[in-house]
Amino acid sequence: MMPLNCFLVQVIHSASLSLPSQMLLRLVVLSLFIAVVAARYIDDMNYGELRQFLDDQLMQVFIPRRMVRQEGALLLSIMELAEAIEIPQVNGVFLREGPRAATTGTICVAGHHLMFAPDQQSPTVKGQNQDAANDIWILHRMVDKVVAEPIAKDDPSRGGLLILKLKNFLILTFEIRSVSDCQALFRSIEKLSNLRGFHHEYPFYYRVPFTVLDDGWTAFDLENEFTKLSVLAPDQFRISSANVNYALCQSYPEKVIVPKGIGDDYLGHSAEFREGRRFPVLSYYHAPTKSPIMRCGQPLVGPTNRRCKGDETILNTLLTTERGVIVDTRPKNVGLDSKRKGGGCESQQFYSQWRYLVFGTPRIKDTHDALARVVELCNDTRISSDKFISRANSSMWYHAVTDILTAAANVATLVSQEGTSGVPVVVHGGDGTDSTLAVCSLAQLILDSDSRTIRGFESLIEREFICAGHPFQSRNAHSAYGSGAVTGPKESPVFLLFLHCVYELLVQFPLSFEYTEEFLILLFEHSYASEFGSFLGDNEMEKRQWRVKECTTSLWSYVNNPKILAQFVNANYEPNDKVIWPSVTPQSFVLWRRVLLRWQMKWEESDAMRKAAADAKLKEKAMQSRVHSLKRQIADLTREASLITATAEGLKLTD
């Protein structure tokens, strides 16, 4: 084990790069305290004993007791981060490939970031724009895959290549003069980018550089949502607290909206009958036709055709004069296979008043593989246009986009079709945490104009993905380039697939959305690695256990800051209360260039043109607003003149 004084210096140095000042001060005090108390014991301790010792000592320090375990874990995390760094700095590194011109500089490795600082006197920096001279900061959590290899296998003296493949599809290649330094950097980044556990996550250490004017953790409030619903559908639904302390379902929030008249005991019976204990809850209510969209997990029918009368009662309570519709988002063969494994679909014998429809969407493994293929294709700069189209089709990524949007459009059709009233639609796939949420969310974007505003979209994501239990921590552990030994089977870009579908809607209806594709790209990147806590964890229960909302800042607090929000507002936005029906034919879809080709193309000229067009549109709107204001003033003056004239004539008649 390293000497204690060196160890503490490394811990404090690592912390100083990321900790808030008040926690850093506390860490220094704790470190000195530990140094004094542990000096006579440390040489005889192994690392596991040291961890237990620190935890025991932290319980005796002046920290408020409710914070001891939290900050104790953070301190131990900093120790682990420091120990993972084999080499903190390498000079004379050549950035061969990256987001800007090739240049030489220095790589620094800290607890949560890798930094590349260009040499200011480098010939490639002189004469370049300011971006070329700026440091590159990369969160370790954004690294998808790291590769180290010699520049020339037959001549190690030429140095090594360090290749970083990021979750936003950027690839950086560094030339390092020493093979041993290259290998040390490789091992350090490999460890730091794959550390598991909430206490390692950067949002717990990040101090926001802006004043939080709008607390993003309140972006979605169930009580406010229910208040609006109670006006639209009085006496049809209620808020249930049956899941307090996550007693019924660990992936649901503590409060959910369920049909009125159904007791909490029925919810408990249904939870035992549904995959992941995800009993039916309200996702969306379409007021014009009085039709709800419910979501849940698959029924655990199994090969013995189990039934649950409580679950049947919940669904039948939703029925009015029309038959209900159960939508299964799994391919048909997957549903049949699930029955053999204990899952399945609703039996027509017990759900006779419900139609069962299959709108198949890809499995999470297929979605991951499709993304890997399309990203590999877009990184191939030597491919011909004919082969590009062929390989794009065979990648199956756009098939996934088609399937998800088609399912969403069909669900939207079922609840909004003319001539019907009160047709309930229940959506589920397997466990109800992936394609189910994507389909329900997209159906709402099609039907509900409020979700096409920035605030409405934030609420939609908070309600239908974050609170609804989409497992971001598991699904986004890796992206297109990598796969974890433990998390591999659970990894899938479901949320990115959803965002791509939203992007296709933006392209087809460019005036109907208040937000731009830049907003979608921001969400894509922050869902994989972020300084904010919104996408931490797999569900609300994990957020509660690690006090995420108390100890981190919400992404929405950043987005809703007026200085930030302006860059995501669509200058061409025209509120549209109508339903927007997307085309789902293959020729209607376009390549999401700013995501899939973002690092292969130069966007400066295109960005400048878009900004000029947006500025012109804003000026046009300002002029129109001014014209309307002047017209109102003219009308007011005209009325006043008429009144004065009438009064004067009346006075004349009196005289």
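Rounded to 0.05, the FRET efficiency of the V507 and I634 pair, given R0 = 35 Å and the Cβ-Cβ distance, is 0.30.
Quick one, what does Rg over Rh come out to for region 223-596 if you take C-alpha atoms and the Kirkwood Rh?
Details: Rg = 20.1 Å, Rh = 21.2 Å.
Rg/Rh: 0.95.
The phi-based Karplus calculation (6.51 cos²θ - 1.76 cosθ + 1.60; θ = phi - 60°) puts the 3J(HN,Hα) values of region 578-584 at 7, 5, 10, 9, x, 7, 10 Hz, whole numbers, x for Gly and Pro.
Could you list D154, D135 in order of exposure, starting from the residue whose Cβ has the fewest other Cβ atoms within 10 Å? Intermediate results must be reported in sequence, preceding the final value.
Details: D154 6, D135 12.
By the 10 Å Cβ count, ascending, the order reads D154, D135.
Annotation: amide H of R96 within the under-5 Å range of T173, F174, E175, sequence separation 5 or more or interchain, hydrogens built in the peptide plane.
Between region 448-483 and region 347-422, the C-alpha centres lie 18 angstrom from each other.
Neighbour counts of C-beta atoms inside 10 Å place T361, T106 in the sequence T106, T361, starting with the fewest. Computed from backbone phi with θ = phi - 60° and the Karplus coefficients 6.51, -1.76 and 1.60, the 3J(HN,Hα) list for region 404-418 is 5, 5, 5, 4, 5, 5, 5, 5, 4, 5, 4, 8, 10, 5, 5 Hz; x is used for glycine and proline. Here r is the Cβ-Cβ distance between R100 and R177 and R0 is 25 Å; the resulting FRET efficiency, rounded to 0.05, is 0.75. Taking 7 Å steps out from each Cα toward its Cβ at T218 and S583 produces label points 4.5 nm apart.
Add +1 for every Lys or Arg and -1 for every Asp or Glu among the other residues with Cβ under 15 Å from the Cβ of T436, and state the total. Intermediate values should be presented prior to the final figure.
Values: positive: R274, R277, R278, R295, R330, R363, R463, R475; negative: E275, D328, E346, D403, D431, D434, E464.
Every neighbour counted, the sum reads +1.
Site pair T211 and M115 shows an inter-label distance of 2.8 nm when each label is modelled 7 Å from Cα along Cα→Cβ. The residue among A247, L319, P209 whose Cα reaches farthest toward the positive pole of the charge dipole of region 198-331, with charges on the beta-carbon of Lys, Arg, Asp and Glu, is L319. Sequentially through region 504-509, phi angles give Karplus couplings (6.51, -1.76, 1.60; θ = phi - 60°) of 4, 5, 4, 5, 6, 10 Hz, Gly and Pro residues having no value and appearing as x. Here's how it looks for Y284: its modeled amide H is under 5 Å from those of I293, which are all 5 or more places away or on a different chain. Judged by the ratio a/c of the largest to the smallest principal axis of the C-alpha gyration tensor, region 89-195 counts as oblate, that ratio being 1.5 or greater while a/b is no larger than b/c.
What do you get for GluC sites (Glu not before Pro) in region 411-507 restricted to DSSP loop and a cutoff of at most 15 other Cβ within 10 Å of the site's Cβ?
Working: sites: E418, E458, E462, E464, E491, E504; in loops: E418, E491.
Those satisfying the criteria are E418.
Partners of K341 within straight-line reach, counting lysines whose Cα lies under 28 Å from its Cα and excluding those fewer than 8 residues away in the same chain: K309, K332, K365, K490.
Close amide-amide hydrogen proximity is noted between V358 and D328, each under 5 Å apart and 5 or more residues distant or on a separate chain (H modeled in the peptide plane; Pro and chain starts excluded).
Panel order for R207, R452, R238, by other beta carbons found within 10 Å of each beta carbon, from fewest to most: R207, R238, R452. Let me check I've understood the local charge: for C249, count other residues with C-beta under 9 angstrom from its C-beta, Lys and Arg +1, Asp and Glu -1. What total comes out? Here the count lands on +3.
No value in this document is a laboratory result; all are computed from the given coordinates. Since the model is a prediction, treat every value here as computed from it, not as a measurement. Cβ atoms come from the backbone with ideal geometry, glycine included; neighbour counts cover every protein chain shown.
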